[in-house]
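The values are calculated or read from the model by the stated rules, or taken from the named source; none is laboratory data. Since we're looking at a predicted model, the values are computed, not measured. Virtual Cβ from ideal backbone geometry, glycine too; neighbours counted across all protein chains shown.
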């Protein structure tokens with residue numbers, strides 16, 4: 001079995017109001033020097049697969065077809 | 001005129017859409033369920049608003065991958081008229097039938113109010129009963145209506161007259177780029193819009209501003 005972590009983040013230049021709100025909340029808690037916060041999503045996926053290259057290709061296809069909206073989001077796949 | 005309404009778990013404006021289509025076309029629409037792989041022969045397919053699949057992952061993302069949406073895509077490619085309202089717009093965008101994306105409102109708040117819309121293009125099959133530049137009223141109710149498209153896509157939409165409705169007179173409720181409220185595809189037979197014209201079609205609603213959209217799309221004389 002292969003385990004993977006997929007991280008989906010907003011592309012540069014796409015406004016992230018949620019990230020901004022979190023940024024302000026962190027400043028409000030007294031954490032100084034918080035430059036910018038961007039919110040993303042994480043997915044831990046288990047695959048019944050032993051071929052790492054095949055797994056990686058499948059995971060990328062999953063991102064392109066469902067997990068990320070590539071109009072506004074980037075993704076990265078890491079086998080863990 | 002025959003119409004169909006797409007039903008998905010979590011939609012909640014389906015009855016409003018069915019009532020509007022019934023009252024305006026004189027014939028109740030057929031309904032198609034998420035697992036249906038075929039849509040009967042109709043002139044118009046409507047995807048109503050709501051929160052399909054609880055807005056999990058992204059608004060409209062799961063619904064857009066259901067079998068019924070493959071059938072909608074086939075019909076759209078064959079030239080059938082398709083309207084997606086609110087969540088229906090989000091589903092059409094996620095399904096790739098319309099460009100761009102709908103993101104969280106910049107206020108981070110759910111907005112439920114009346115806005116003003118400018119008919120940016122009165123030369124579409126959805127707006128021919130309106131005058132160019134006409135301002136109409138429409139209710140909105142959404143959390144993720146902030147339309148976004150990259151610069152190239154935006155330039156194409158604006159240049160080709162695909163921006164059909166724009167929030168007017170400072171009533172943009174969600175921060176959408178260029179005040180975009182509704183767009184059509186390149187061919188002009190698929191419309192997505194965040195506002196709810198189906199909720200302003202008879203006197204009891206307090207106005208009939210939304211009626212012209214359905215009369216236009218259904219080819220009914222005003």
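Brief remarks on what is shown
- Matching helices (runs of 4 or more DSSP H) fully within the range B:1-110 where at least 3 residues are under 13 Å from the mean Cα position of the chain (by Cα): B:87-94
- When the range B:97-117 is filtered for residues that are in contact with a helix residue (DSSP H, G or I) (Cβ under 8 Å, 6 or more places away or on another chain) and more than 9 Å from chain A (Cβ to nearest Cβ), the ones remaining, listed by number, are B:97, B:98, B:102.
- Any hit, the range B:148-162, residues being touching a helix residue (DSSP H, G or I) at 6+ places or on another chain (Cβ under 6 Å) and within 14 Å of another protein chain (Cβ to nearest Cβ): yes
- Inside the range B:125-147, residues that are more than 13 Å from chain A (Cβ to nearest Cβ) and buried (at least 22 other Cβ atoms within 10 Å of the Cβ) make up a count of 7.
- Scanning the range B:207-222 for residues being in contact with a helix residue (DSSP H, G or I) (Cβ under 8 Å, 6 or more places away or on another chain) and part of a loop (DSSP other than H, G, I, E, B) gives a total of 5.
- Only one of the numbered conditions (1) at pLDDT 90 or above; (2) within 12 Å of another protein chain (Cβ to nearest Cβ); (3) surrounded by 15 or more Cβ atoms within 10 Å (Cβ to Cβ); (4) in a loop (DSSP other than H, G, I, E, B) is not met by residue A:19, and that is (4).
- Residue within the range A:23-40 that is under 13 Å from the mean Cα position of the chain (by Cα), in contact (Cβ under 8 Å) with a residue 40 or more places away in the chain, within 12 Å of chain B (Cβ to nearest Cβ) and under 29 Å from residue B:174 (Cα atoms) present: no
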